[in-house]
Amino acid sequence: MPAAPKSDDSSLVPIPSRFFVTSGRAINKTSELNAFDLALLKAGIGEQNLVSVSSILPNGIKQIERKPIPMGAVTHCVLARHAGGEGEVISAGIAYSFRADGKGGYVAEGHLHGTQKALKEFLRWRMEEIAHFRGVELLKINYRTEELSIPMDHYGVCIAACVFLR
């Protein structure tokens, strides 16, 4: 009978070792879907197969500058997305921070009808709640947000993402 895997055997699941943060916004006269596609392209993640994941930064992960990712790559990310129509102001973004004890960190995503300023307040509150629920202290909270005032006869989309790499 084979031995049971060790509980700390990280070879059983992929654990990212690097991440980057990116964002984009776009408007389009034809459709919301086209605006979303354009926003992804502006963020540099429009040629990948995105897989939405929850918001844990593992131990030892390092933040890097945005890197090109091969076309069609299955790409795990925390994605914030917001779409709107003519005359609306929309925002989408993420906040992220590492734990003060050095044991990883967290990402919060959010979106709203309104400004980046209001969104950052909401994201700060979310990060504080994450820390409170876990009984941990966070280091500096970092933000990546986009805001868009959508012109008449257009669709608009804002996105922000924390993209995980091995």
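Where a number appears in this text, it was derived from the coordinates with a stated rule and is not lab data. The structure displayed is predicted, hence computed values, not measured ones. Methodologically, a virtual Cβ is constructed for each residue, glycine included, from the backbone with ideal geometry; neighbour enumeration extends over all protein chains shown.
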Practice problem: Sort His111, His132, His82, His154 so the one with the fewest other Cβ atoms within 10 Å of its own Cβ comes first. | Solution: His132, His154, His111, His82
Practice problem: Could you work out how far apart the two model spin labels at Lys140 and Ala73 are, taking each label as a point 7 Å from the Cα in the direction of the beta carbon, and quote it in nm? | Solution: 2.7
Exercise. Calculate how steeply helix 32-43 sits against the longest principal axis of the alpha-carbon atoms of the chain, using the helix alpha-carbon long axis, and give the answer as 0 to 90 degrees to the nearest 10.
Key: 60
Quiz item: What is the calculated FRET efficiency for Arg124 to Glu32, with r their C-beta to C-beta distance and R₀ = 30 Å, to the nearest 0.05?
Solution: 0.60
Quiz item: Hey, what did the chain get for relative contact order, percent, Cα under 8 Å, at least 6 apart?
Solution: 33
Quiz prompt | the chain, helix-only ellipticity at 222 nm - DSSP H runs n ≥ 4, -39,500 (n - 2.57), divided by all residues, nearest 500 | solution = -6000 deg cm²/dmol
Self-check item: Net lengthening on full extension, Val13/Glu65 (0.36 nm per residue, minus Cα-Cα)
Solution: 16.3 nm
Exercise. Please report Val89, Val51, Val78 as a ranked list, fewest other C-beta atoms within 10 angstrom at the top and most at the bottom.
Key: Val51, Val89, Val78
Quiz prompt | Answer label, with mean projected area of the Cα convex hull in nm² calculated from the coordinates and candidates [x] 8.9; [y] 11.5; [z] 13.3 | solution = [y]
